[in-house]
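See structure below.
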Amino acid sequence: MRSILLNSNLSYHPLQLLVPLPLTQHPVLVYLSKLSPRSKKTMRRCLDIIASLLTSGRCDALTLDWSQLQYQHTAAVRAVLVEQFAPSTVNQMLCALRRVLKEAKKLKLMSAIDYAEAVDIESVRGSKELRGRALNNSEIGALMKVCRNDSSKIGVRDAALLAILLGSGLRRSEVVSLDLRDFDPNTGALKVRGGKGDKDRTVYLPSSGRRVVADWLKVRGVKAGPLLYPISKGNRLMSRRLTDQAVLYILQKRAKEGEVDSFSPHDCRRTFISNLLEAGADLVTVSQLAGHASPLTTSKYDRRGEVAKQKAVELLQIPYEQED
C-alpha cells in the first residue's frame, strides 16, 4: 500500500504519539466505545489504514497523534484513498477520520479552528452504475444441485448457508452470528441479534428454505452454539463459528462447481430483495426484512432492471380503441 508524508530522517515520525493517552482521553478509543462490536471492528480497521498511510506503517490508530492532523494531512489521505479503494469504502474511512477528529476537539486536544480546517474535505462521489448483480433461478438451481450432489456433511451445510443467504437476505456477518436458538423450525423465523446499527430484527425463511436448514440440523444436532459450523477435511463438525471469509470461499467454490458466474455474499442479498419486489412485496416490508433504516436504501438493491419497468407500465390501460 502506498504511503505518504514520510520523513525518513527522523527516528520517530512527527505524527507519532510519544506519550500514551489515558483511555478516556484517546480520541480513537472514545469514538470506538460508542460503536457496536461489528462497527467497532470495521472502523478500527479504517483508522489503522489511515494511520499507516500517514506514517509509512510506523503507526496504527492508537499510536498516531490525531490531534496533530491538519488539512494538508487529511487532504493527502483522501487523495491516496481515492486511488486505492472504491468510493463507498473511501467515504467510510473519511467518516471514521472526521469522527475521531471531532472527538479530539471535544476532548480539547485540538482547537476548533484546526478541527474545522482538517475536516474540510469532500466525500467521494461514486459511479451511478449499480454494483453487484442478482442471481437468476437457473443459477440458484445449479448451486443447490452441486450441494445436493456432495454427499458429505459439507454439502448439507453449504446448501443451508445458501438457503439462508438467498431466502432471508441476511448479511454474511449476520449469518455467521446466528445461533441454533435463533432459528424457529416451525415458523422459519431467524432472530438477528445486534445487526447493522446494533439493531435486532426477525426475518423469515420460506418453507422451501426451512426444509434445507432442517436437513442440516439433522447433521448438526441440537447442541447449543452457532447455527452453522465449520467442517474439517475429515468430515468432522467443529464447534465454532464460520468466519466471514469462509462464507466467501464457500460461495466461490460452489459457483465454480456449478459453472455460475462469480458472485458475492452481498449479491445474495440483492437477489433476495429483487425477487421479493418482483413477487409483488411492498417496498416498506422488504426494507424491514433487509434491516434497512430507509426504503430508499432498499431500492438501491433492486436488480430487476428494465424488464420490471416494462411489466409495470403494462398494468396501465389507455382507452384508445374505438367502440363498434
> What residues qualify as long-range amide H neighbours of residue 205, i.e. H under 5 Å apart, gap of 5 or more or another chain, H built at 1.01 Å from N?
Replying inline: 189, 190
> Residue-wise, which Karplus ³J(HN,Hα) couplings in Hz belong to the stretch 87-100, taking 6.51 cos²θ - 1.76 cosθ + 1.60, θ = phi - 60°, and x for glycine or proline?
Replying inline: x, 5, 5, 4, 5, 5, 5, 5, 4, 4, 4, 4, 5, 5
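So how do 71, 115 line up by other beta-carbon neighbours within 10 Å, fewest first? Can you show the working numbers first?
On the way: 71 14, 115 19.
So the residues, fewest neighbours to most, are 71, 115.
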> Hey, which lysines would be in cross-link range of residue 253, C-alpha to C-alpha under 18 Å, not counting anything within fewer than 8 residues on its own chain?
Replying inline: 145, 153, 233
> Which value, in debye to the nearest 20, describes the size of the charge dipole of the chain about its Cα centre when Lys and Arg Cβ atoms bear +1, Asp and Glu Cβ atoms bear -1, and nothing else is charged?
Replying inline: 1540 debye
>> Could you tell me the center-to-center distance, by alpha carbons, between the stretch 194-269 and the stretch 160-184 in angstrom?
In response: 6 Å
> Could you work out the helix-only [θ] at 222 nm for the chain, with each DSSP H run of four or more residues adding -39,500 (n - 2.57) and the total divided by the number of residues, to the nearest 500 deg cm²/dmol?
Replying inline: -15500 deg cm²/dmol
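Here, each number is a calculation from the coordinates, and none is a lab measurement. This structure is a prediction, so every number in the text was calculated from the model and none was measured. Note: ideal-geometry Cβ built from the backbone for every residue, glycine included; neighbour counts use all protein chains shown.
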